[in-house]
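Asks: Structure provided below as structure tokens; questions to follow.
The values are calculated or read from the model by the stated rules, or taken from the named source; none is laboratory data. It should be emphasised that the depicted structure is a prediction, and the values quoted were computed from it without experimental measurement. All Cβ positions, glycine included, derive from the backbone under ideal geometry; neighbour counts span all protein chains shown. Accessible surface areas use protein heavy atoms only, side chains included; no ligands, DNA or RNA. Shrake-Rupley method; radii C 1.70, N 1.55, O 1.52, S 1.80 Å.
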Amino acid sequence: MTGPEMSELELDLPLAEQGTGRFLQWILAAATCLAVLAAALAVLADAELRRAAMRPMVVTLALPAGTAAAEVEAVVRFLGRTEGVAFADPVSEEELAQLVEPWLGDLGEESPLAIPRLIDVTFDPGFRADLRELEARLRELVPGTTFDRTAVEPPETGMLRNLRLFALIAAVAFVSSGVVATAAVVRAGLRAQTDTVDLLRLMGAVDRYLEGQLVDHVLRCGLRGAVAGFATAGMLILAGIEIGGRFDIRPFDALVLRPVDWLLLTAVPILLVLLATLAARLAIDRSLARAA
Amino acid sequence: MAPQETVILRMRSVSMRYAAGSEVLHDIDLLLKAGSFHFLVGPSGAGKTSLLRVIALTVPVSRGTITLFGRDAVALGEAERARLRRRIGVVFQDFRLLGHLSVFDNVALPLRINRVPEAVVARRVTELLDWIGLRDRTRLPPPRLSVGERQLVTIARAVITRPDLLLADEPLSNLDNRRAERLMHLFVELHRRGTTVLLATHDKGLLEHHRFPILEMDSGRLRSGSLIGPLAAAG
């Protein structure tokens, strides 16, 4: 067989035969796999944060000790009319006594301690109230009223935010390292092929011809690496979700990736291949200009 | 052909040095008319290969002017230089074949660089390889060929585009007599069809057998008059 069939996939420059060229697709596969895993962690943390945001916010309102029952009633009525408030439940004196018993003992009928009156306020799911403003308005009704803000944001939320940020930085770092490695491999490959480049130029090849071949090579390696890396990462993620679902893994309540999340993850290999190809093109331009 | 192209190559006072070394070519004056055939002779180290490299635009000159195909070859941009190079076929002494490509792809390379349609590439390469007796070697990589066969592939690659100017550096030195004679016929046939040929050789038999003008080099200089041998003697 002669002619086009045996020639279509051959490059004039023997990049595929070089060690560096051979490893390019595996470098890109590793970068893709790690970047997708990191991005998946960021997506999971983000999903958990969104779920947390949709949970009803419950805060405790403290009225100064000695607040009259009528004032408590007025506050409950006011909260009932306030936008976003689902329930306002005063904590009964008995319940309060039970709450403080471990620390203060049995308060009995005539306790000398001034215990504040508490109201549990539950907001609508997903509604985030401006507690500072609400507190100011409540103080007009009962001076000294305060919200317990420590209960507003559980410690897991901060951890999830940090995890999301760390995972995003890691994903960017893996993509960047794949891009930088591609540029370095292409530069090294061209340096090793100076004689061939000279020969092709002697036959009348313009730099665009050489660049086209090299970019084509990088694109092919990139696509093969990206597919392999994404497939590996996908399997690891599915296995992680399957295994993780059987255990209680804090701070995650659930390990779930929606179809749209998977779609988002496919953007990682695509971005990596595009950036790697662009970096290769720039590296080739510079190397050829230097060799001219 | 444009009038100025009746002269393919004109070199005036051309000198050349490699990097920071001493000059290897000194004040070369040379004129090659379109369709001419010249032998280039001289002892080893006389500067034959360097002269061919200068004409092929692979090394810059340190002094002098070169007009190639009517263009000032010293001050060319990348695209224009590439265009001129596509009109030149070069046979290297050291072959310079690409070991990762098959014989077919090595020979097809100049055509593909010229963006010749693949069907035409297949036909022309197959025909030429058939003619030079390498039909059964098309799929092999050059390292698996004998030295003589590699020489043939180098020549096939140089002539596949039917270049306007063919520069050949000792093209027949590794071939047996039968193949050398056959290849010489190929060069002569190209010359008859209008290709300008400059062929460097040591082979005295070749010079005696083919009555073409001879340019003689020595110590980086073209001997004055530059024409020696049978034709000069006849003139």
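Asks: Listed highest first by mean packing, meaning other Cβ atoms within 10 Å per residue, what order do A:259-267, B:214-222 come in? Walk me through the intermediate numbers first.
Replies: Details: A:259-267: 12.9, B:214-222: 19.3.
Output ranking for A:259-267, B:214-222: B:214-222, A:259-267.
Asks: Write down the accessible area per residue of segment B:1-128 in Å², having rolled a 1.4 Å probe over the full set of protein chains. It would help to have the intermediate numbers written out before the result.
Replies: Values: 5430 Å² over 128 residues.
Value for segment B:1-128: 42 Å² per residue.
Asks: Over segment B:1-66, with a single point scatterer placed on each C-alpha, what log10 of the ratio I(q)/I(0) does the Debye formula yield at q = 0.12 1/Å?
Replies: For segment B:1-66 at q = 0.12 Å⁻¹, log10 I(q)/I(0) is -0.32.
Asks: So, with a 1.4 angstrom probe, what is the percent of accessible area on segment A:38-149 that is carbon and sulfur? All intermediate terms of the calculation are to be shown ahead of the outcome.
Replies: Details: 3500 of 6440 Å².
Carbon plus sulfur share of accessible area: 54 percent.
Asks: Ok, one more. Please work out the Kirkwood hydrodynamic radius for chain A, using every pair of different C-alpha atoms, and report it in angstroms with one decimal place.
Replies: 24.5 Å
Asks: Based on DSSP H runs of at least 4 residues, each adding -39500 (n - 2.57), what is the mean residue ellipticity at 222 nm of chain B after dividing by all its residues, to the nearest 500 deg cm²/dmol?
Replies: Values: 8 runs with 81 residues, N = 235.
Calculated from helices alone, the mean residue ellipticity at 222 nm is -10000 deg cm²/dmol.
Asks: Just which residues of segment B:117-141 lose 50 Å² or more accessible area with every protein chain there, against their chain alone, with the probe set to 1.4 Å?
Replies: At a threshold of 50 Å² (probe 1.4 Å), the residues of segment B:117-141 that become less exposed are B:Arg139.
Asks: Segment A:162-211: which residues show an accessible-area loss of 50 Å² or more, assembly versus chain alone, 1.4 Å probe?
Replies: By number: A:Leu199, A:Leu202, A:Met203, A:Gly204, A:Val206, A:Tyr209.
Asks: Let me ask another. I'd like the trypsin sites (Lys or Arg not before Pro) in segment A:216-289 restricted to DSSP loop residues with at most 14 other Cβ atoms within 10 Å, sorted by number. Write down the numbers at each step before the final one.
Replies: Numbers: sites: A:Arg220, A:Arg224, A:Arg246, A:Arg281, A:Arg286; in loops: A:Arg246.
Those that pass, being in a loop and sparsely packed, are A:Arg246.
Asks: Summed for both chains, how many Å² of accessible area, to the nearest 100, are buried between B and A with a 1.4 Å probe? Intermediate values should be presented prior to the final figure.
Replies: On the way: alone 11680 and 17050 Å², together 26510 Å².
In total, chains B and A hide about 2200 Å² from solvent.
Asks: In square angstrom, what is the accessible area per residue of chain A with a 1.4 angstrom probe?
Replies: Numbers: 15910 Å² over 292 residues.
With the other protein chains kept in place, chain A gives 54 Å² per residue.
Asks: Okay, next question. Show A:Met235, B:Met16 ordered by accessible area, largest first, where the area counts protein heavy atoms only and the probe is 1.4 Å.
Replies: Numbers: A:Met235 125, B:Met16 0 Å².
Correct descending sequence by accessible area is A:Met235, B:Met16.
Asks: Within 10 Å of each Cβ in peptide B:105-112, how many partner chain Cβ atoms are there on average? Round it to a whole number, please. Could the numbers behind the result be given before it?
Replies: Details: counts 6, 1, 0, 6, 7, 5, 1, 6.
Across B:105-112, the average partner-chain Cβ count within 10 Å equals 4.
Asks: Carbon and sulfur: what percent of segment B:29-183's accessible surface (1.4 Å probe)? Write out the running numbers ahead of the final one.
Replies: Values: 2920 of 6220 Å².
Carbon and sulfur: 47 percent of the exposed surface of segment B:29-183.
Asks: Relative contact order (percent) for chain A, with alpha-carbon contacts under 8 angstrom and 6 or more residues of separation? Before the final figure, lay out each step's value.
Replies: Details: 340 pairs, mean separation 101.8, N = 292.
About 35 percent, as a whole number.
Asks: Carbon-plus-sulfur fraction of the accessible area of segment A:170-292, 1.4 Å probe, in percent? Show your work: numbers first, answer last.
Replies: On the way: 4270 of 6240 Å².
C and S atoms contribute 68 percent here.
Asks: Further question: Compute the FRET efficiency between A:Val227 and A:Arg258 as 1/(1 + (r/R0)^6), taking r as their Cβ-Cβ distance and R0 = 35 Å, and round to the nearest 0.05.
Replies: 0.95
Asks: I've got another one for you. What do you get when you divide the Cα radius of gyration of segment A:166-292 by 2.2 N^0.38 Å, with N the number of residues?
Replies: So the Cα radius of gyration is 1.43 times the expected 2.2 N^0.38 Å.
Asks: Here's a follow-up. What order, most packed first, do the peptides B:106-112, B:25-31, B:51-57 have when packing is the mean number of other Cβ atoms within 10 Å of each residue?
Replies: Details: B:106-112: 25.0, B:25-31: 18.6, B:51-57: 22.4.
Order by mean packing, descending: B:106-112, B:51-57, B:25-31.
Asks: Are there trypsin sites (Lys or Arg not before Pro) in segment B:124-183 that DSSP puts in a loop and that have at most 14 other Cβ atoms within 10 Å, and which ones? List each step's numbers first, then the result.
Replies: Details: sites: B:Arg124, B:Arg135, B:Arg137, B:Arg139, B:Arg144, B:Arg150, B:Arg157, B:Arg178, B:Arg179, B:Arg182; in loops: B:Arg139.
In loop regions of segment B:124-183 (DSSP not H, G, I, E or B), the sparsely surrounded trypsin sites (Lys or Arg not before Pro) are B:Arg139.
Asks: Rounded to two decimals, what ratio of Rg to Rh does the protein assembly as shown give with C-alpha atoms and a Kirkwood Rh? Don't skip to the answer; put the middle values down first.
Replies: Working: Rg = 40.9 Å, Rh = 30.0 Å.
Result: Rg/Rh = 1.36.
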